[in-house]
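This report concerns only the one structure given below.
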Amino acid sequence: MGTQLVGFCLAVIGFMGTILICALPMWKVTAFIAANIVTAQVFWEGLWMNCVLQSTGHLQCKTYDSILALPQDLQGSRALVCVSLGASVVAIGLSVVGVRCTNFFHYDRLTKTNIGVSGGVVFIIAGVLCIIPVSWSAHTIITGFYSPLATDARRGELGASIYIGWVSGALLVIGGGLLTGSYRC
């Protein structure tokens, strides 16, 4: 039962990280510093909006105007992160029913085990669905950074959401693996 609780807690922490990367506009970070430091700006780009932080401390965010005007990697990342969140919600429901410390299906051990294993598998799927868009966006940002066509002022770097996404996906996969492996046949 301890392994199940550890796996469930890790997966829930991964789920919360996935919520965080979905909401934060920090997937791509670009710093623009002109001839003097007074005109410094930091651009943040996320799944749903982009923000500009000026050296005066003023932060201005704007949601994207059109879904169709977005690059394909951003459209795909939006969809996969949302599907990952939905799968995580389903996995949490299945896992709550399937862990041994709850009273659901206490009279039918085989059904409880099958539900718990399926919850762990869905957590693993949710983790993979989180890692794919984060890695895809990281690849796009890195290839854009090393592109000879990009100007120095607009070269983007990996933002905090990319790193949080990798950790969240790993926690979902590890938590799902612990949940799945904790059941005996």
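The values are calculated or read from the model by the stated rules, or taken from the named source; none is laboratory data. What you see is a predicted model; the values in this text were computed from it and never measured. FYI the Cβ positions are ideal-geometry reconstructions off the backbone, even for glycines, and counts take in every protein chain you see. Keep in mind that these areas ignore ligands, DNA and RNA; they rest on the heavy atoms of the full protein, side chains included. Shrake-Rupley method; radii C 1.70, N 1.55, O 1.52, S 1.80 Å.
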* **Over the chain: Kirkwood hydrodynamic radius from C-alpha pairwise inverse distances, Å** => 17.9 Å
* Structure fact -> Karplus-derived 3J(HN,Hα) from phi for the stretch 7-21 (6.51 cos²θ - 1.76 cosθ + 1.60, θ = phi - 60°), whole Hz, x at Gly and Pro, runs x, 5, 5, 4, 5, 5, 5, x, 4, 5, x, 5, 4, 4, 5
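Once the piece of chain linking C9 and W48 is laid out straight, how much longer is it, given 0.36 nm per residue of separation minus the C-alpha distance between them?
11.2 nm
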* Under-5 Å amide H pairs with A40, H placed in peptide plane, nonlocal only -> A34, S55
* **Convex hull of Cα atoms in the stretch 108-157, direction-averaged projection (nm²)** => 3.7 nm²
* To do: Determine the calculated [θ] at 222 nm for the chain from helices alone, applying -39500 (n - 2.57) to every DSSP H run no shorter than 4 residues and normalising by the residue count; nearest 500 deg cm²/dmol.
  => -21000 deg cm²/dmol
* What order, most packed first, do the peptides 117-124, 132-139 have when packing is the mean number of other Cβ atoms within 10 Å of each residue? -> 117-124, 132-139
* Pop the C-beta distance of D108 and S135 into the FRET formula with R0 = 30 Å and round what comes out to the nearest 0.05. => 0.15
* **Estimated vicinal HN-Hα couplings, Hz - the stretch 121-135 in sequence order (Karplus 6.51, -1.76, 1.60; Gly, Pro = x)** => 5, 5, 4, 4, 4, 4, x, 5, 5, 7, 5, 4, x, 5, 5
* Given a cut-off of under 8 Å on Cα pairs at least six residues apart, what relative contact order in percent is computed for the stretch 1-120? -> 19 percent
* To do: Output ³J(HN,Hα) for the stretch 68-75: one whole-Hz value per residue in order, computed from phi by the Karplus curve 6.51 cos²θ - 1.76 cosθ + 1.60 with θ = phi - 60°, and x for Gly and Pro.
  => 5, 7, 6, x, 4, 5, 6, 4
* Tally up the carbon and sulfur contribution to the accessible surface of the stretch 115-185 as a whole percent, 1.4 Å probe, everything protein left in place. => 74 percent
* Structure fact -> Residue span V96 to E157: 0.36 nm per residue of separation minus Cα-Cα distance leaves a gain in nm of 18.1 nm
* **Fraction of accessible area attributable to carbon and sulfur, the stretch 1-91 (%, probe 1.4 Å)** => 72 percent
* Structure fact -> Checking rank on 12-25, 46-59, 72-85, with mean other Cβ inside 10 Å and highest first, the result is 12-25, 72-85, 46-59
* Asked: Between E157 and residues 5 or more places away or on another chain, which pairs have amide H atoms under 5 Å apart, with H built 1.01 Å from N, and which residues are they?
  -> V29, T30
* Asked: Which whole-number value in Å² is the accessible area per residue of the stretch 118-185, probe 1.4 Å?
  -> 50 Å²
